[in-house]
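Enquirer: Handing you this structure, nothing more for now.
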Amino acid sequence: MSRNKGFTIIELLLAMSFLSTLMLAVAMTVVRMGEMYNRGLTVKEVNIAGRAISSDLKKSISESRPLSLVPSDDQYVPQVWGGRLCVGKYSYVWNYGATLSNKSANSSNSNVYTSSSEKIRLVKVPDGSGSYCADPSKNIDPSGAVELLSAGDRGLALHNFSITNQSSARDDRSKQSIYYISYIIGTNDQAAISSSNASCKTPDSLDADLTYCSINEFNIVARSTNALQ
């Protein structure tokens, strides 16, 4: 007399438990890989933008006369909302991330284009007379202005900018000067950024976003060569 053999209920439950655990592990791995991939794209976008701005600033300053960073000399105008830097042929005007996120700003502000209500991020505009620094309230003429920091896929923004020089770094014979520039670029989700705007919130914070938040500080050295006579 033959008897048919099969799996017992316990064996089936064990097999299903194993498969469920395996599928959960695979799903978690896929999710984690997706997060790492998106994180890498975010960091890459920030770094590419930072290097592009670095190259542009160095080139413009190298073609300019030595800059005066004294506020009354109208070449560097730091503001709470952003700032302006006039280096001869061109002027740079920028808004910080907090300003871009401020819904109350409108087209009458000096930190937007004259022809639209779109707030600028960081523009380079022809300005041989330095008029944008001489008159910090002057609106930006969009003709000829180039946006150096597009929002991209991650909504990038400038969070801080400073430029300094030292008298010891100036050659009085050649009139060449050395300038130290520091700026912070990153994503602009204000809820995920620390109060200093210098870093993303730590993982233990409720608003932390480790996948789509990236902040990076860039420090460069630029030299004016007195190319303009």
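Where a number appears in this text, it was derived from the coordinates with a stated rule and is not lab data. Every value quoted in this text rests on a predicted model; they were computed, and no experiment measured them. A quick note on method: Cβ atoms are made from the backbone with ideal geometry, for glycine too, and the neighbour counts reach across all protein chains shown.
Enquirer: Counting pairs of Cα atoms in the range 23-224, how many percent are more than 26 Å apart?
Expert: Distances greater than 26 Å cover 39 percent of the Cα pairs.
Enquirer: Also, I was wondering about something else. Counting other beta carbons within 10 Å of each residue's own, what order do 209, 204 fall into, fewest first?
Expert: Going from sparsest to densest Cβ surroundings: 204, 209.
Enquirer: Could you grab the Rg to Rh ratio for the range 1-92? Cα atoms only, Kirkwood for Rh.
Expert: That ratio is 1.62, to two decimals.
Enquirer: Next question. For residue 95, what is the net charge nearby, where nearby means another residue's Cβ is under 12 Å from its Cβ and Lys, Arg count +1, Asp, Glu -1?
Expert: The answer is +1.
Enquirer: For the range 23-224, what is the charge dipole size about the Cα centre, in debye to the nearest 20, if Lys and Arg each add +1 at the Cβ and Asp and Glu each add -1 at the Cβ?
Expert: 440 debye
Enquirer: Under the Karplus relation 6.51 cos²θ - 1.76 cosθ + 1.60, θ = phi - 60°, what is the ordered set of whole-Hz ³J(HN,Hα) values for the range 131-140, x standing for Gly and Pro?
Expert: 5, 6, 8, 5, 10, x, 8, 5, 5, 7
Enquirer: Taking H as built 1.01 Å from N, whose amide H comes closer than 5 Å to the amide H of residue 120, not counting residues under 5 places away?
Expert: Those lying under 5 Å, H to H, from residue 120 are 113.
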